[in-house]
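The values are calculated or read from the model by the stated rules, or taken from the named source; none is laboratory data. These numbers were taken from a predicted model, which means no experiment stands behind them. Backbone-built Cβ (ideal geometry, glycine too); neighbour counts: all protein chains shown. With ligands, DNA and RNA removed, areas are computed over all heavy atoms of the protein, side chains included. Shrake-Rupley method; radii C 1.70, N 1.55, O 1.52, S 1.80 Å.
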Number of protein chains: 2
Amino acid sequence: MKIIIVGGVAGGMSAATRLRRLDESAEIIVFERGHYVSFANCGLPYFVGGIIRDRGDLLLQTPESLGARFALDVRVGTEVVQIDRKAQTVTVRDLLTDETSVEHYDRLVLAAGASARSNASKDSTVPTHTLRTVDDVDHITAVLASVAAASAVVIGGGFIGLEAVENLVHRGVHVTLVQRGPQIFTPLDPEMAAPVLDRLRERGVDVRLNATVTGTSALGIMLSDGSTVPADLVIDASGVRPDVTLAAQAGLRIGESGGIWVDGTQATSDPHIFAVGDGVEKTDAVSGSGTLVTMAGLANRHGRSVADSIAGTPGQAAPALGTSIVAIFGLTVALVGWSEKRLVEAGLAHRIAHTHPANHAGYFPGAEGMSIKLLIDAESDAILGAQIVGGSGVDKRIDVLAVAMAAGLSASALTRLELAYAPQYASAKDPINQLGYVASNLAEGTSVNLQWHELAAARAHGAVLVDVRSAGEFAAGSIPDALNVSLDDLRARLDELPRVPLIVHCQVGQRGHTAARILTQNGFDVRNLDGGYRTWLAGTS
Amino acid sequence: MKIIIVGGVAGGMSAATRLRRLDESAEIIVFERGHYVSFANCGLPYFVGGIIRDRGDLLLQTPESLGARFALDVRVGTEVVQIDRKAQTVTVRDLLTDETSVEHYDRLVLAAGASARSNASKDSTVPTHTLRTVDDVDHITAVLASVAAASAVVIGGGFIGLEAVENLVHRGVHVTLVQRGPQIFTPLDPEMAAPVLDRLRERGVDVRLNATVTGTSALGIMLSDGSTVPADLVIDASGVRPDVTLAAQAGLRIGESGGIWVDGTQATSDPHIFAVGDGVEKTDAVSGSGTLVTMAGLANRHGRSVADSIAGTPGQAAPALGTSIVAIFGLTVALVGWSEKRLVEAGLAHRIAHTHPANHAGYFPGAEGMSIKLLIDAESDAILGAQIVGGSGVDKRIDVLAVAMAAGLSASALTRLELAYAPQYASAKDPINQLGYVASNLAEGTSVNLQWHELAAARAHGAVLVDVRSAGEFAAGSIPDALNVSLDDLRARLDELPRVPLIVHCQVGQRGHTAARILTQNGFDVRNLDGGYRTWLAGTS
Ligand SMILES: Cc1cc2nc3c(=O)[nH]c(=O)nc-3n(C[C@H](O)[C@H](O)[C@H](O)COP(=O)(O)OP(=O)(O)OC[C@H]3O[C@@H](n4cnc5c(N)ncnc54)[C@H](O)[C@@H]3O)c2cc1C
Ligand SMILES: Cc1cc2nc3c(=O)[nH]c(=O)nc-3n(C[C@H](O)[C@H](O)[C@H](O)COP(=O)(O)OP(=O)(O)OC[C@H]3O[C@@H](n4cnc5c(N)ncnc54)[C@H](O)[C@@H]3O)c2cc1C
Ligand SMILES: CC(C)(COP(=O)(O)OP(=O)(O)OC[C@H]1O[C@@H](n2cnc3c(N)ncnc32)[C@H](O)[C@@H]1OP(=O)(O)O)[C@@H](O)C(=O)NCCC(=O)NCCS
Ligand SMILES: CC(C)(COP(=O)(O)OP(=O)(O)OC[C@H]1O[C@@H](n2cnc3c(N)ncnc32)[C@H](O)[C@@H]1OP(=O)(O)O)[C@@H](O)C(=O)NCCC(=O)NCCS
């Protein structure tokens, strides 16, 4: 059996190594058009930042090491330019000599990844680079080494844009971040993205929302807001699209999302051709339809699976949750599944819970806060998504939620998870259990909540807002025109409250919940402002 | 409705507060024989160590604060001494005045916790304390404040014993740890406990295994090994048993494990009496039989559930996994489910996987190692248990495994979990995915492994051990009489290997796996030494 693999990094090389373990006798050729294989794409920004100091650390394997250990025939600087499905051949071009040759395959694996979209100005005189390859970072670090007190423009506030910003700042570069839309990091809902924006600005990043790059002048990069910002370097992190060039040319089926269509065994519409990684459409875990998730975990794991498919023991890929995480200036931002805005767009009835727990017991020194948002199917109580922003322990909670989602646990079932507790690590009722409590109160009707963006309309319809925090907290900052009756005084002061629909709130939602229970049982019509003052403030900021 | 709750800490007070939220009109009385309610039991050792500096931080609530917020009638210094089930009354003694009185209940909740077992010498002249209450830590800190360069003996190397040791050392106390059996921290299997013992000794703790306290002399504490160790203080952390005094006197059913029997709604054999917490028998998630799990998470969560049961919306408790975690001198030790020794005792056929991954991508600075052991049902591929010892990220992986177990995911299904990856937090194939790969290779017969404690017997039967690490690694330390053929040379040196059953090994098991695949496909009978040299070394040390 002769297997040809196009692309020698996350998906492609994972396929190659596993294939070798399953089949010592197969002929396995990996074509990679770049200079390097098996490099740590995800480490590139940190090499720019000087956090990863040794460039060699980015190169996890070489053609030589892969040849020695896995008897792979790895050819760098070699581009696959065409597939002939009938003949089962590929045409490859040696990028050094420009010579082409033809190779037969029994099975072909496409792992060509994604290609960058660009929003940079085409005729820029300022060096402009994407941040996707080892060559890219070589260029970027060369520019930075050549100027003192450099300035840079980063286009795009997604995962890679944020990592680029952090690492440039870490190197002492002055950074302007240009984001097309009104919000940074669009996978998040706006109230969850707000702390990220705050953090960027606190660290001196000049964030331009609702802005695009329009051109270059002698003074620097011109933006659509009319301003010009100085720049020695532009990093274009506008996003990626699946690289389907070869697949499309060969007439393979392309999915609704624009990625190569594959079945659960990673087979394309041609049974001799398989595909994995960023170039491929995944099945969305929430909707069941085609989706794009361009993440290394899926590429690596589907890379391994495709080897099983080819070796004759196919598995079935799990639907994609889109679990992802990024660090930005000490904040951890993580998400899984769908956001509120996506649910609203799709018209899916949902419930929402916001909490602001500490990562571990408050009585143990060093607790750090986080904010969690949970999206829940209003009918089935299924977990549809989650977003978490905060300090330590965010990565743990997103993983727990990702497993719960994958396993089909309901939001209410989070109450019963037996998570490890000692005061350094968690709370006796872990933030995940608490999230389950909030969710189950909503499911059972024990609580009714209201979102920050629903508050104004509710008040316009006559609802009265009661702030149940202490007088001191109220004085330190409150929602305009709220009544203040602290929770511990509530039972004694019921007479003071008007018999109209009430909205209660506290700092994070927890005391509001107890207040709402007291009021409900005293005959009031009451809703609890979800996530309390903190979520409201983030949402309206 | 009048509800009486016996015990005002984790289980009892969680029941009381939730009950109030569900029922504003109920009369709720909490009797607590100690001076404090709602205190952080789990923080006590850290107050001894001075890590928690403010004693007030241990007291999460007071009778006053609980009265103000939850309209609870909380009576400290008041012991419930008898239950009259027919009359639905309890007799309570005021411990200050010694007066008794009788209170009627509609529903009674027993949350009396556990009582300490003791292995200390009864007639000791050295101050001897358990470490269970605020009074205990007041006594302990008073003793420590009264002597310079103090010495202490800690009896018992379980959770609380280890925390006591760490905190005493942190205070500068010289500590002898006396452990009855041959191993520290018995919930772990021996090869997993070995690094804990090493760490204790590295930090200067005098650990005495297979030893008990036999008495006290003028020189100090006498041990069964014939020695006498100086001590200004003894902390008796010999373990706990469920406190079933009241329940047993009242003729309530006691479970096979010695805890109060309850159904899934926390009802005892008397429908008017409920029980939660350390005093109660749980249903074991692996065997389905009665078991004891004395952990704060279960006490808190079952405390909340019992309120739902009483208020008329009963849930059903999940079987107990025994998820737990402890920090000891920078190591994190965590476990869930059953150990190998427990499976062997019960005669349950199982598979085992050991791995030694890093918490995050190795190319990103600061990666820390951990060792994971997974126990798998040999028939169903169900996850039966896991143990993890290491640095950062241990807590995350035990939680992920606990959720997977609770949700009934198979060990092979761990391969498909879509966990959050960025280089600071994880690897593209998370340690949990890798564990799944190892497990699925075992399930499918792609690999056959051998445990460290099976090696000697296998070699005695003629198997030959091949170390596939590099010559340098081999020279730095190896298993006696192993052949060294490094993995990258293996294909070229197949002729040198004898045609007898082979056992391959590397440092952690991973290269051994690739070596085993090469050898198997070349017609050898081969097993991979699970966890490699590292697990073997830990097991045989
Ligand atoms: C800067 C950066 C940071 C990232 N950080 C994270 C992160 O923290 N977490 C995460 O989950 N993901 C991250 N990713 C995404 C992750 O790297 C990708 O999801 C993953 O690498 C996709 O794997 P792949 O095999 O599909 O494509 P790639 O790894 O991109 O490999 C595709 C290879 O195919 C080659 N190729 C393309 N066409 C041809 C052809 N015709 N002939 C020969 N070779 C060809 C390309 O040169 C390329 O090397 C990051 C990506 C980048 C760029
Ligand atoms: C030092 C220490 C560290 C710990 N660390 C951890 C940890 O890190 N993680 C973890 O999960 N668990 C830990 N635990 C265990 C955890 O604290 C218990 O599992 C939990 O407190 C049990 O809750 P409970 O309500 O059953 O009992 P408790 O919280 O012990 O409360 C029982 C109360 O009932 C009172 N009482 C008993 N009998 C009567 C009576 N007849 N009348 C009136 N009152 C009575 C007692 O005085 C006691 O205050 C630790 C325990 C200790 C002691
Ligand atoms: C590294 C790379 C070549 C893959 O190599 P690989 O050997 O298949 O993968 P890993 O090193 O993760 O090892 C996994 C194998 O070791 C086995 N293994 C891991 N730990 C083990 C242990 N303790 N005992 C036994 N086997 C073990 C696994 O079962 C698996 O083998 P299998 O696939 O036959 O089941 C490929 O992932 C790559 O090129 N990565 C770099 C690019 C990249 O991923 N970029 C994106 C992220 S930055
Ligand atoms: C603290 C104690 C009195 C319990 O008080 P409690 O109010 O029931 O519990 P919590 O403070 O955890 O709050 C949980 C409640 O807040 C709600 N909540 C939490 N965050 C919320 C949010 N953001 N929005 C709305 N509601 C929220 C939960 O739903 C839950 O209410 P519910 O039970 O009605 O569903 C009790 O656990 C105790 O005494 N603990 C100390 C002893 C102990 O646990 N020791 C062992 C560990 S050291």
(request) Identify, among A:Phe364, A:Val400, A:Leu348, the residue whose Cα sits farthest towards the positive end of the charge dipole of region A:336-419, taking +1 on the Cβ of Lys and Arg and -1 on the Cβ of Asp and Glu, with the dipole about the Cα centre. (result) A:Phe364
(request) Give the nm distances, rounded to one decimal, from A:Val448 to the matching residue in every other copy, measuring between label points 7 Å along Cα toward the beta carbon; shortest first. (result) 6.6
(request) Return the whole-Å distance between the Cα centroid of region B:67-108 and the Cα centroid of region B:469-486. (result) 69 Å
(request) Would you list, by chain and number, the lysines whose Cα falls below 26 Å from the Cα of B:Lys2, excluding same-chain residues fewer than 8 positions away? (result) B:Lys86
(message) How charged is the neighbourhood of B:Arg180? Take every other residue with its Cβ under 14 Å from the Cβ of B:Arg180, and add Lys/Arg as +1 and Asp/Glu as -1.
(response) 0
(request) Measure off 7 Å from each Cα along the Cα-to-Cβ vector at B:Ala71 and B:Leu494, then give the distance between these two points in nanometres to one decimal. (result) 8.1 nm
(request) Could you pull the Cα extents of chain B along its three principal axes, largest to smallest, in whole Å? (result) 88, 59, 42
(message) Are there any trypsin sites (Lys or Arg not before Pro) in region B:375-463 that are in a DSSP loop and have at most 12 other Cβ atoms within 10 Å? List them by number.
(response) none
(request) Give the value in nm², to one decimal: projected area of the alpha carbon convex hull of the protein assembly as shown, averaged over all directions. (result) 47.1 nm²
(message) For a test of the definition: using alpha carbon positions, the gyration tensor, and the 1.5 limit on a/c, classify region B:109-199 as rounded, prolate or oblate.
(response) oblate
(request) Any chance you could check the Cα centroid distance between region A:410-428 and region A:233-280 for me, in angstrom? (result) 39 Å
(request) Identify the GluC sites (Glu not before Pro) of region B:344-442 meeting these criteria: DSSP loop state and at most 11 other C-beta atoms within 10 Å of the C-beta. (result) B:Glu379
(message) With the label 7 angstrom out along Cα to Cβ, how close does A:Asp135 come to the same site in each of the other copies, in nm, nearest first?
(response) 7.7
(request) Quote the charge dipole size of the protein assembly as shown about the Cα centre in Debye, to the nearest 20; the model charges only the Cβ of Lys and Arg (+1) and of Asp and Glu (-1). (result) 60 debye
(request) Over the protein assembly as shown, average the accessible area per residue using a 1.4 Å probe and give it in Å², no decimals. (result) 37 Å²
(request) Between the chain alone and the structure with every protein chain in place, find the residues of region A:361-386 that drop at least 10 Å² of accessible area; heavy atoms, 1.4 Å probe. (result) A:Tyr363, A:Phe364, A:Pro365
(message) Report the A-B buried area as the accessible area lost on both sides summed, probe 1.4 Å, in Å² to the nearest 100.
(response) 7000 Å²
(request) DSSP loop (so not H, G, I, E, B), at most 16 other Cβ within 10 Å: list which GluC sites (Glu not before Pro) in region B:1-49 pass both filters. (result) B:Glu24
(request) Give the angle, between 0 and 90 degrees and rounded to the nearest 10, that separates the Cα long axis of helix B:190-202 from the longest principal axis of the Cα atoms of chain B. (result) 80 degrees
(request) Using only the Cα atoms of region A:291-381, build the gyration tensor, take square roots of its eigenvalues as a ≥ b ≥ c, and label the shape rounded, prolate or oblate: rounded if a/c is under 1.5, else prolate if a/b is larger than b/c, else oblate. (result) oblate
(request) Kindly give the distances from B:Leu348 to its copy-mates, label point to label point, with each label point 7 Å from Cα along Cα→Cβ, as nm values to one decimal ordered shortest first. (result) 3.5
(message) Per-residue Cβ counts within 10 Å, from other chains only, averaged over A:297-309: what number is that?
(response) 3
(message) What do you get for the angle between helix A:159-170 and the principal long axis of chain A? Use alpha-carbon atoms, 0 to 90 degrees, nearest ten.
(response) 90 degrees
(message) Ignoring ligands, DNA and RNA, please state the percent of accessible area on region B:449-540 from carbon and sulfur, probe 1.4 Å.
(response) 52 percent
(request) Pop out the carbon and sulfur fraction of the accessible area of region B:330-444 as a percent, whole number, probe 1.4 Å. (result) 49 percent
(request) Give the cross-link partners of A:Lys282 among the lysines, using a straight C-alpha distance below 20 Å as the criterion and excluding same-chain residues fewer than 8 apart. (result) B:Lys429
(message) What does the net charge come to around B:Arg93 if you take all other residues with beta carbon closer than 12 Å to its beta carbon, with K and R at +1 and D and E at -1?
(response) -3
(request) Give me the net charge of A:Glu473's neighbourhood, meaning all other residues with Cβ under 12 Å from the Cβ of A:Glu473; Lys, Arg count +1, Asp, Glu -1. (result) +2
(request) Evaluate peptide A:516-522: per residue, the Cβ atoms of other protein chains within 10 Å of its Cβ; return the mean as an integer. (result) 3
(message) Under 8 Å for C-alpha pairs, at least 6 residues apart: give me the relative contact order for chain B, rounded to a whole percent.
(response) 11 percent
(request) Kindly identify region B:1-136 as rounded, prolate or oblate by the Cα gyration tensor criterion: order the square roots of the eigenvalues as a ≥ b ≥ c, call it rounded if a/c is under 1.5, otherwise compare a/b with b/c, prolate if a/b is larger, else oblate. (result) oblate
(message) Placing unit charges on C-beta atoms (Lys and Arg positive, Asp and Glu negative, everything else neutral), compute the dipole magnitude of chain B about its Cα centre in debye, rounded to 20.
(response) 560 debye
(message) Given points 7 Å out from each Cα along the Cα-Cβ axis, report the B:Thr214 to A:Ala142 separation in nanometres with one decimal.
(response) 7.8 nm
(message) Tell me the carbon and sulfur percent of the accessible area for region B:1-46, rounded to whole percent, probe radius 1.4 Å.
(response) 48 percent
(message) Show me the ranking of peptides B:200-208, A:488-496 by mean Cβ neighbours inside 10 Å, starting with the highest.
(response) B:200-208, A:488-496
(request) Could you tell me the distance between the Cα centroids of region B:163-181 and region A:165-219, to the nearest Å? (result) 51 Å
